[in-house]
Amino acid sequence: MRKKLTIALAGNPNSGKTTLFNNLTGARQHVGNYPGVTVEKKEGTFKYKDYKINVVDLPGTYSLTAYSIDEIVTRNFVIEEKPDVVIDVIDTSNLERNLYLATQFMELGVPLILAFNMSDIAKKQGTKIDQNKLAEFLGVPIVSTVATKKVGTNELLDEIMNMAEGEIEPKKVVVNYGKEIREELENLEEILKKDRPLAGKYPSRWLAVKLLESDEDIVKKIEKSSFSEEILSTVEKSTAHLKSIFDDEPDAIIADRRYGFISGACSEAVSRNYETRHTTSDKIDKVLVNRILGLPIFLGLMWLVFRFTFKVSEPLMGWVEMIQEWLGNIFGGLLPDGSAIQSLVVDGIIGGVGSVLIFVPIIFLLFLAMAVLEDSGYMARAAFIMDRLMHKIGLHGRSFIPMLLGFGCNLPAIMATRTIEDRKDRFVTILVNPFISCGARLPVYTLFIGVFFAERIAGNVLFSLYILGMIVAVVMAKIFRRFLFKGPASPFVMELPPYRIPTIKGLFIHMWERGVVYLKKAGTVIFVGCVLIWFLSNFPWQPKYSKDYNTLIEQAQENEELASKLENEKAFEKMEKSYAGRIGRAIAPVFRPLGFDDWKTSVGLIGGFIAKEIVVGTLGTLHSVGEADEESKTLRQALQNQKRSDGSKMYNPLTAYSFMVFVLLYMPCVAVIGVIKRETNSWRWPIFTAVYTTVIAWVVAFVIYQGGTFLGLGL
Ligand code: GDP
Ligand code: MG
């Protein structure tokens, strides 16, 4: 008994289906009609190896919409009869247009082979195709044929056998419709899956796409579903949402994205030595994705983004600070002086959360600038420009933007990893992002470099820290890619959706959607973190003081200077005896091999967990209060005069550098930890990140300090 096999020939009209069909079947064919419609159905059989193969020549179509009866017949046949193999016959001399249908078969998830027919004409035109590359991008085997000369028929038969016998593992490549549409699709798919019989018959992704395209035939089918109300109302909402963002019908955007996917794949795998059609987008791309100009233009744009963000946010940050101060005064006045509740509200909550809220303008503006680049279609090109470089470190072109954003703030950077499709690439990018030195670390560097390094080399020292952060990120990315997230790098298909002018509404929606995550974080995780740190550094509320300060201060009423000195001393002792002080003292020895081991520095580092710039603030508080040393009027002097337990001076350029390196690399702030939890949807990765970054920080600072000491630099 021979095994039976059904294969269907699909493709654009005049692509050569019938010629191929005749090649395969010879004379054994008959013509009938598809049930219920007057569309001709041509069938034929032939024998090959152990198989009796039934071939169906489907009507020619450009797409699989419900606009024509041919399209409906074709897709219903493929969905309902489930042929073992679908051969999409492509007119290679008109490749991009013919691949449009192929993307829809891919979406349907049918066992698909592409026959690149008319390859003789394409060749004459001067088209060269890297068939393996294209097959990899599309996730579909490709056989090139010349049906009129029976070229490639045997190869096609081999490929059919491979597929029928399950030797080819079907790869799932889906068109990237962009974040917005994808989110709506995923949402719809969830609901569609509830209808089991429906989900068993149609791939839910395909159904969802068809619904967003307002496919009448599918809508009619959905109306029969027991979930029809939920599904259709969701479709309506999604459509309205997409319309408001893109200012265009979803089906137009979807078509754009399919062509973007195709033209991206072809621009890498296909070369032509003749001029192709030039759309406006093609012309713009001639400059923006140019081999020589592409990179400088990209870097220039990024520079502009940062300039814009920081320039515009400066005054806004001043306002946030003002509001914070104002709130502090109001609540400070309302609550009893010197009480724990006053300290909690003013220092702990308003002060702590405020120091994080101050970044809100930067974050929103950064997202706004990113939205412009993304919605205009440029971001897809940027990823392509950076891809070669990023591939060297085992990452994807799309990982570059998040890395770059990290220089501003790691939090939006980690959120921006959502554009990375591949899970492994995305996780690695998230895990190494904290090493990119964010803006909040700058105050720490400015302070220590200013105190311990000559102005002449200050710039180089600062630069070296940024570079060190990047090197550690790259090395760790390589290591993670090698051991933790193994697997081949995902092939890069550059999507080239046409450029569009972004809509104002779309931009603001994008900015808001992302920015609000940061606000929520400030209201939750950061809030709790600040209260915790406040508690640690203020309790026990009434420690056992070494002196009876209250009486002494009262006695010193006349002498203002003495009174304030006593106040300071009291505050210092309170801090020293607080839980934070105790923890600082307990962990200080850990830092001895790194060159800085006093408890104040340790407390500063604990504070840095809330936000890195708090390191400076905490050091400032600790050094300003109660320092017996008269010389140490300012924090700068205090640091210069800081002594070790053995009486030697603690900070010199080497220890200062070691300290800065530690601040650069150790665990990210609580907001970043929170966002990693959110983006990876588990506590495992944020905890892992906090631990491994701190270990790396210790090791690198250790090597620098000990190596420097060995070389005699520590003097
Ligand atoms: P269909 O509409 O997809 O069934 O296409 P046909 O099989 O009817 O072919 C359309 C025309 O293209 C016919 O004139 C064929 O002779 C011609 N044709 C088909 N395949 C090839 C090919 O590989 N090379 C060339 N040069 N012509 C082809
Ligand atoms: Mg035909």
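The values are calculated or read from the model by the stated rules, or taken from the named source; none is laboratory data. Source: prediction; values computed, not measured. Every residue, glycine among them, receives a Cβ derived from its backbone with ideal geometry; neighbour counts consider all protein chains shown. These area figures cover heavy atoms from the full protein model, side chains too; ligands, DNA and RNA do not enter into them. Shrake-Rupley method; radii C 1.70, N 1.55, O 1.52, S 1.80 Å.
Only one residue in I79, I87, I69, I113 is more than 20 Å from V140 (Cα to Cα) and not acidic (D, E), so which one is that? Please lay out each step first, then the result.
Details: I79 fails: more than 20 Å from V140 (Cα to Cα); I87 fails: more than 20 Å from V140 (Cα to Cα); I113 fails: more than 20 Å from V140 (Cα to Cα).
Answer to the selection: I69.
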### Task
Working carefully through the options I292, I330, find the one that is out of contact with any Lys or Arg (no Cβ under 7 Å at 6 or more places or on another chain) and more than 30 Å from Q542 (Cβ to Cβ).
I292
### Task
Show the residue pairs that are 6+ apart or on different chains and have beta-carbon atoms under 6 Å apart, the first residue being within the range 108-120 and under 7 Å from D88 (Cα atoms), the second being within 9 Å of ligand 1 (Cβ to nearest atom) and not in a strand (DSSP E or B).
A115/T145
### Message
Can you find, within the range 72-85, the residue that is farthest from ligand 1 (Cβ to nearest atom) among those that are out of contact with any helix residue (DSSP H, G or I) (no Cβ under 6 Å at 6 or more places or on another chain) and open to solvent by less than 20 Å² (accessible area, probe 1.4 Å)?
### Response
I79
### Query
Among Y34, Y62, Y48, which is within 14 Å of ligand 1 (Cβ to nearest atom), among the hydroxyl-bearing types (S, T, Y) and touching a helix residue (DSSP H, G or I) at 6+ places or on another chain (Cβ under 8 Å)?
Y62
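Every residue, every condition in (1) over 23 Å from E374 (Cα atoms); (2) modelled with pLDDT under 90; (3) open to solvent by less than 50 Å² (accessible area, probe 1.4 Å), yes or no:
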{"residue": "V428", "(1), (2), (3)": "no, no, yes"}
{"residue": "V451", "(1), (2), (3)": "yes, yes, yes"}
{"residue": "V472", "(1), (2), (3)": "yes, no, yes"}
{"residue": "I479", "(1), (2), (3)": "yes, no, no"}
{"residue": "I501", "(1), (2), (3)": "no, yes, no"}
{"residue": "H510", "(1), (2), (3)": "no, yes, yes"}
### Considering residues of the range 38-70 that are under 30 Å from Y259 (Cβ atoms) and more than 13 Å from ligand 2 (Cβ to nearest atom) only, the residue most open to solvent (accessible area, probe 1.4 Å)
Y67
#### Entry: Hits in the range 352-395 - residues which are within 15 Å of A413 (Cβ to Cβ) and in contact with an Asp or Glu (Cβ under 8 Å, 6 or more places away or on another chain)
L395
### Task
Go through the range 564-593 residue by residue and tally those that are of a type in the set (A, V, I, L, M, F, W, C) and not in a helix (DSSP H, G or I).
0
### Pick from the range 10-24, criterion open to solvent by 10 Å² or more (accessible area, probe 1.4 Å) and among the polar types (S, T, N, Q), ranking: farthest from ligand 1 (Cβ to nearest atom)
N23
### Message
Just the residues that are in a helix (DSSP H, G or I) and either surrounded by 12 or more Cβ atoms within 10 Å (Cβ to Cβ) or charged (D, E, K, R) (or both), please, taken from the range 226-235.
### Response
S228, E229, E230, I231, L232, T234, V235
### Message
N187 - would you say it is within 16 Å of ligand 2 (Cβ to nearest atom) and either open to solvent by less than 30 Å² (accessible area, probe 1.4 Å) or touching a residue at least 24 places away in the same chain (Cβ under 8 Å) (or both)?
### Response
no
### So L211, is it under 33 Å from the mean Cα position of the chain (by Cα) and more than 16 Å from ligand 2 (Cβ to nearest atom)
yes
### Query
Is it true that some residue in the range 108-128 is over 23 Å from N162 (Cβ atoms) and of a type in the set (V, I, T)?
yes
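For every residue, the table says whether it meets (1) of a type in the set (S, T, N, Q); (2) open to solvent by less than 80 Å² (accessible area, probe 1.4 Å); (3) touching a residue at least 40 places away in the same chain (Cβ under 8 Å); (4) within 30 Å of S119 (Cβ to Cβ).
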{"site": "K237", "(1), (2), (3), (4)": "no, no, no, no"}
{"site": "G264", "(1), (2), (3), (4)": "no, yes, yes, yes"}
{"site": "T280", "(1), (2), (3), (4)": "yes, no, yes, no"}
{"site": "K283", "(1), (2), (3), (4)": "no, no, no, yes"}
{"site": "V287", "(1), (2), (3), (4)": "no, yes, no, no"}
{"site": "L295", "(1), (2), (3), (4)": "no, yes, yes, no"}
{"site": "S313", "(1), (2), (3), (4)": "yes, yes, yes, no"}
### Query
Considering L293, L334, L365, which residue is among the aliphatic types (A, V, I, L, M), at pLDDT 80 or above and within 22 Å of M386 (Cβ to Cβ)?
L293
### Task
Give the range 127-172 a look and list any residue that's within 16 Å of ligand 1 (Cβ to nearest atom) and of a type outside the set (A, V, I, L, M, F, W, C), or say none.
T127, Q131, S144, T145, T148, K149, K150, G152, T153, N154, E155
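Yes/no matrix, rows are residues, columns are (1) farther than 28 Å from K124 by Cα; (2) more than 38 Å from the chain's Cα centre (by Cα):
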site: P13; (1), (2): no, yes
site: A27; (1), (2): yes, yes
site: K41; (1), (2): yes, yes
site: N54; (1), (2): yes, yes
site: D70; (1), (2): yes, yes
site: E80; (1), (2): yes, yes
site: D91; (1), (2): no, no
